[in-house]
């Protein structure tokens, strides 16, 4: 049995799959069960497989409820594992604690919400939490008494199928998912209208799941806890209280060690000043403590962590990295928030090795994302073992550059202070005198040049002179055969550079001169050049074209081969989403500025700050939050902010046209832009169609409806705790024209959510 207390997320998914009887054939759930640093995208793929199987017997609304409830449980569970220390708690105790608290609450919620969604007569929630007899048998009895047509259906069954139902009643077999799915096809002598098959299948699936649960270790205890909860029983203790009581009992065993533990905790603080000559004493005390705790697996990660720090303080990063590996593995699903602090230290150490430990870095980043300490940096949605599909190069440089931030010089011994770590971070400064002397080489049109301080960037000269806005030289280089598909060491192409000069809302302001774009866009471009975002700032040619506000520019980029559904920007937006937001800005600049000033600091927002600052604001999301807090309290910041917005408002009014932006949006839709694409901006779960409803862009909204737009898609509003669809959005924002458009399509969405007054929020 594993010795870490919390079950992994794969174990959780496997348990759910087993209870719903959809695990068959998925060997990976067993193989990966104890993989604590699995790619979080693989977790999503495993869940998707389960929901796909459950979608066979369940209606779309029931499946949506199931997904929502599981997501809620998963989020709560991750929050617990990511923050709640479980040192000293056994796995069996943790299972008991979880059953009595978080698992019980979410199981009761799931069953209640699924039953509440049914029309007509439905069994009580308590029926599913009876451990004295088969839930399926009790449910069949209920169906006989309450569901019109059920008895007729059973009577008309063939002898073989009738025997299957009898076996369910006699508790000889539990209905499997295939039988429940095909149940409605067992007899063709019954009118479809005489029986509510979606309800029947849902009830049977829940009953079969409860019966399977009763056969599992801990299942009877869970059912009993759910039964008592339905009866109104109050919880005696919270999960944290249960864990603390278990830890207190165990702590007595190590009472005599606490003074040494406290001393080491203080003296091995990375920020605590170190005195040369104390290394030996600290090592001896740590060796002694490790021997005393040799048989205690719960403390292994802390001991290895202490050794890792000692090695860092003395400048032995290779040995430190080895110890961080051991500490990391033992800390996961045990150490609560200490996981996060340990990972952050390990990142800067592993990245700072002469040859960064790419495998370890990948595991560290996966854990950061899994436990929601950070967000995914790579846009790729499919799971992958490839390093570049998990970590971008700029992240390694940022971690390396953050070494002294995590391990300041004052906290190192003399040997550690000699460690020289070079990172390509900081603002790229190009000496203008040197830049002015760079002359084009027409005989070698694809020549690359290196420029910049304190680090150098490699530029194809075509890109360099495009960045310099030298149309004449660019034209001549192209005539001499310069390749438009070459990119800088940061991934910028000539076409991208030309388009950055057309961004109306760019700060600082750019020229808005189209001449370079006109010259470069005449040449054929590879698809990957047009559709690959730059690594750090996620610049994308098509989105930059949209930000020009020029229909001809957008049309040309599409004609060149741009994918209208490719995502760019630090918060992963489509070009259509960006365009609609520009329409909103142009319609009401004052409203846009207000929202910008009062925008909540989301993980995506903090990541954007991290990407646009040249390594000067730290590497964690908390670092970015502290930077913003400091900036906002600076006496000069309000004045600078006001000036920036004034300049932006002036340029928007002067250079952006509502007519042109609407034409651009229409063009994108005509070329297949996904109108139901989910975004995190402006609100998590928003779609372009929702933006159209909010802005009361009736013509665009209708066009999106005609292209498959689904106004019944919802996002979850944190303010109200409600699901919000396009009807609610239109009502809240008083979008009268869109409200009229929705009236015509309302009959096609009979299951949409019921409207509530916009006064309650959206």
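Numbers below:
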{"quantity": "Average projected area [Cα convex hull, segment 16-97], square nanometres", "calculated": "6.4 nm²"}
{"quantity": "Fraction of the pair-distance distribution of segment 253-417 above 23 Å, Cα-Cα pairs, percent", "calculated": "40 percent"}
{"quantity": "Which of 724, 359 has the fewest Cβ neighbours within 10 Å, and the rest in rising order", "calculated": "359, 724"}
{"quantity": "Kirkwood Rh, Cα atoms: Rg over Rh of segment 100-175", "calculated": "1.03"}
{"quantity": "Rough spin-label spacing in nm, given labels placed 7 Å along Cα→Cβ, for residue 164 and residue 441", "calculated": "7.6 nm"}
{"quantity": "Mean Cα-pair separation over length for the chain, i.e. relative contact order, pairs under 8 Å, 6 or more apart, %", "calculated": "9 percent"}
{"quantity": "Chain lengthening between residue 171 and residue 469 when straightened (0.36 nm per residue, less Cα-Cα)", "calculated": "99.3 nm"}
{"quantity": "Calculated FRET efficiency for the pair residue 151/residue 380, C-beta based, R₀ 56 Å, to 0.05", "calculated": "0.55"}
{"quantity": "For the chain, alpha-carbon Rg over 2.2 N^0.38 Å", "calculated": "1.12"}
{"quantity": "Average Cα contact separation per residue, segment 253-417, under 8 Å, 6 or more apart, as relative contact order %", "calculated": "29 percent"}
{"quantity": "Distance between modelled label sites at residue 59 and residue 116, nm, 7 Å Cα→Cβ extension", "calculated": "1.7 nm"}
{"quantity": "Distance between segment 256-305 and segment 542-617 - C-alpha centres, whole angstrom", "calculated": "50 Å"}
{"quantity": "Residue exposure sequence - 619, 73 - by fewest surrounding Cβ within 10 Å", "calculated": "73, 619"}
{"quantity": "Segment 11-159, relative contact order in percent, only Cα pairs under 8 angstrom and at least six apart counted", "calculated": "15 percent"}
{"quantity": "Packing-based exposure ordering (other Cβ within 10 Å, fewest first) of 311, 237, 301, 128", "calculated": "237, 311, 301, 128"}
{"quantity": "Nearest-0.05 FRET efficiency for residue 417 and residue 254, computed from C-beta distance (R0 41 Å)", "calculated": "0.75"}
{"quantity": "Principal axis box of segment 603-762, alpha-carbon based, largest edge first, Å", "calculated": "54, 39, 30"}
{"quantity": "Förster-model FRET efficiency, 25 Å R0, residue 266 and residue 319, C-beta, rounded to 0.05", "calculated": "0.65"}
{"quantity": "Convex hull volume per residue in cubic angstrom - Cα atoms of segment 255-334", "calculated": "96 Å³"}
{"quantity": "Cα gyration tensor shape of segment 432-673, rounded if a/c is under 1.5, else prolate or oblate by comparing a/b with b/c", "calculated": "oblate"}
{"quantity": "Extent along principal axes [Cα atoms of segment 178-277; Å; largest to smallest]", "calculated": "90, 34, 23"}
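Every number in this text was worked out from the coordinates using simple rules, so none of it is lab data. Quantities reported herein were computed from a predicted structural model and do not represent experimental measurements. Cβ atoms come from the backbone with ideal geometry, glycine included; neighbour counts cover every protein chain shown.
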